[in-house]
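Before any comments, here is the structure.
The values are calculated or read from the model by the stated rules, or taken from the named source; none is laboratory data. All values derive from a computational prediction rather than experimental measurement. Reconstructed Cβ throughout: ideal geometry from the backbone, glycine too, with neighbour counts over all protein chains shown.
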Amino acid sequence: MITLIAGGTGSVKIARGLSKTADDLIVIPNIADNIWLHGLYICPDIDTITYGLAGILDKGRGWGVKDDTFVFMEQMKKLGQDHWFRIGDKDLALHLVRTNFLNEGKSLSWVTEWIRKKLSVSTTIMPASNDHIETRVETPSGDMHIQEYWVKNRAELDISNIMYKGIESAKVNAKAVEFIKNSELIIIAPGNPISSIGPIISLPAIRKELESKKDNVIAISPLIGNKAVSGPASKYMQIMGIESSPFGIASYYRDIASNLVISEFDNEYENRIRTLGIHIYKTNIVMEQSQDEIILSNYILNIVNKA
C-alpha cells in the first residue's frame, strides 16, 4: 500500500502517475482550501485529485472539468452576485450533490467515496478530517480565506501570517491514520508545503504517525533552486520564515520524512540537506507531460525497491 499526501496542481500530476504505476494507492488530499460559496460546499483539492484520476480534469487551467461551460457564472454576474470564483456548470453539479449529502448528515469521507465511485476512480481518496478546516491569511485588508486571497485578490495583497482555522478542534479521520500506518511507502507530493501539505501534517494524529514512520516517507520538492515549479510556494515559505530552497523544504519536513527527491540541478543544496540526516535523490521533478508523471512515479517506486 502507498499513501500520497496531496494538494494542488503538482499533487494531481504525481497522483496520476502513481495511479498508473502502483498497485494499491491511497490519496489523502488537502481539505483546508474547502470553502462555502453560494450555499455550496466546494473542495478544490479533493475535486482536482478526483477529476485528474477520472481523466476529466481541465489540464490547461489545472482545475475544473475539461470542456466545461460557465453559463451559471455568467448569469450570477448579470444578477450582480459574487463571481470571482469560477465554477463550471458540470463542476457545479458535483458541488450541489456534495452539499445535499452533507446537509443530510453524510460525512465528507462518505461523499468523497460516493463521488469517486460515480466517476469510476479506482484510487481511494480519503480526507484527513471530516471537519471543516480552512487556511486563512492575514493581510492589510483583514483576515481572509486563502481562496479569496489567491483568486479574488490575485495574490496582490501583502501577507503577515498564514494559519489553519479550526485545526485545533478538528477530529482526525481514523481511516486516514490507519492507511498511513499500514503503508509500505508514504509520499509527500510536490504541493505547496504551507497551504497544500501543511494543514494535513498539522493534524496531531497524522503527524505522530508520520514521525513514527519517517524512514518510509519520501517528500518531493516543489522547488528548483529558490523558485517554485508552479504556484506561490516560495512566497508562502518566506512569509512563514522558511528558507525558499530545497534545504528549506528538507528542514520543514525533517521530522516526518527521511527522504527527499530534489531537482537534478540542485547540487548546491546536497551537503546542507544531508546534515539534517535526510537521504537525497536527484532527478527531473518537472512534470510537463503524462510521461513525465509516470517516469517520476517509477523513479520513486524504484527507490523503495532498491532499499
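Numerical summary
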{"read-out": "Options 110, 84, 114, 63: the member that is surrounded by fewer than 20 Cβ atoms within 10 Å (Cβ to Cβ), outside the structural domain of residue 223 (by TED's automatic domain parsing) and within 27 Å of residue 194 (Cβ to Cβ)", "value": "84"}
{"read-out": "The stretch 118-131: number of residues that are β-branched (Val, Ile, Thr) and either without any contact (Cβ under 8 Å) to a residue 40 or more places away in the chain or surrounded by fewer than 19 Cβ atoms within 10 Å (Cβ to Cβ) (or both)", "value": "1"}
{"read-out": "Every residue from the stretch 218-252 that is of a type in the set (Gly, Ala, Ser) and under 18 Å from residue 280 (Cα atoms)", "value": "219, 221, 225, 244, 245, 248, 250, 251"}
{"read-out": "Test: residue in the stretch 216-225 that is modelled with pLDDT of 95 or more, touching a Gly at 6+ places or on another chain (Cβ under 9 Å), farther than 19 Å from residue 273 by Cβ and not charged (D, E, K, R)", "value": "no"}
{"read-out": "Meets criteria (of a type outside the set (Gly, Ala, Ser), crowded, with 22+ Cβ neighbours inside 10 Å, more than 22 Å from residue 210 (Cβ to Cβ) and touching a residue at least 12 places away in the same chain (Cβ under 8 Å)) for residue 57", "value": "yes"}
{"read-out": "Within the stretch 1-12, considering residues that are polar (S, T, N, Q) and modelled with pLDDT under 95, the one nearest to the chain's Cα centre (by Cα)", "value": "11"}
{"read-out": "Close pairs from the stretch 27-53: first part of a helix (DSSP H, G or I), partner modelled with pLDDT under 95, Cβ under 6 Å, at least 6 apart", "value": "45/7; 48/63"}
{"read-out": "Output for the stretch 141-156, where each listed residue is in contact with a strand residue (DSSP E or B) (Cβ under 7 Å, 6 or more places away or on another chain) and in a loop (DSSP other than H, G, I, E, B)", "value": "none"}
{"read-out": "Checking residue 126 against (1) in contact with a Phe, Trp or Tyr (Cβ under 9 Å, 6 or more places away or on another chain); (2) over 25 Å from residue 179 (Cα atoms), the condition it does not meet", "value": "(2)"}
{"read-out": "Among the residues listed as 219, 170, 189, the single one being of a type in the set (A, V, I, L, M, F, W, C) and over 16 Å from residue 256 (Cα atoms)", "value": "170"}
{"read-out": "Some residue of the stretch 174-189 being over 21 Å from residue 305 (Cα atoms), modelled with pLDDT under 95 and either touching a Gly at 6+ places or on another chain (Cβ under 6 Å) or among the hydrophobic types (A, V, I, L, M, F, W, C) (or both)", "value": "no"}
{"read-out": "Residue among 93, 22, 15 that is in the same structural domain as residue 135 (by TED's automatic domain parsing) and either surrounded by fewer than 17 Cβ atoms within 10 Å (Cβ to Cβ) or modelled with pLDDT under 95 (or both)", "value": "22"}
{"read-out": "Residue match in the stretch 132-140 (condition: in the same structural domain as residue 24 (by TED's automatic domain parsing), modelled with pLDDT under 95, part of a helix (DSSP H, G or I) and surrounded by fewer than 17 Cβ atoms within 10 Å (Cβ to Cβ))", "value": "no"}
{"read-out": "So residue 293, is it loosely packed, with under 15 Cβ neighbours inside 10 Å and within 21 Å of the chain's Cα centre (by Cα)", "value": "no"}
{"read-out": "Sole exception among (1) closer than 29 Å to residue 21 by Cα; (2) assigned to a loop (DSSP other than H, G, I, E, B); (3) not hydroxyl-bearing (Ser, Thr, Tyr) for residue 293, by number", "value": "(2)"}
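To keep it simple, each residue is scored yes or no on (1) over 16 Å from the mean Cα position of the chain (by Cα); (2) among the small types (Gly, Ala, Ser); (3) under 17 Å from residue 33 (Cα atoms).
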residue: 141; (1), (2), (3): yes, yes, no
residue: 152; (1), (2), (3): yes, no, yes
residue: 176; (1), (2), (3): no, yes, no
residue: 189; (1), (2), (3): no, yes, yes
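To keep it simple, each residue is scored yes or no on (1) out of contact with any Gly (no Cβ under 9 Å at 6 or more places or on another chain); (2) farther than 27 Å from residue 161 by Cβ.
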{"site": "237", "(1), (2)": "no, no"}
{"site": "241", "(1), (2)": "yes, no"}
{"site": "250", "(1), (2)": "yes, no"}
{"site": "255", "(1), (2)": "yes, no"}
{"site": "258", "(1), (2)": "no, yes"}
{"site": "262", "(1), (2)": "yes, yes"}
{"site": "270", "(1), (2)": "yes, yes"}
{"site": "275", "(1), (2)": "yes, yes"}
{"site": "278", "(1), (2)": "yes, yes"}
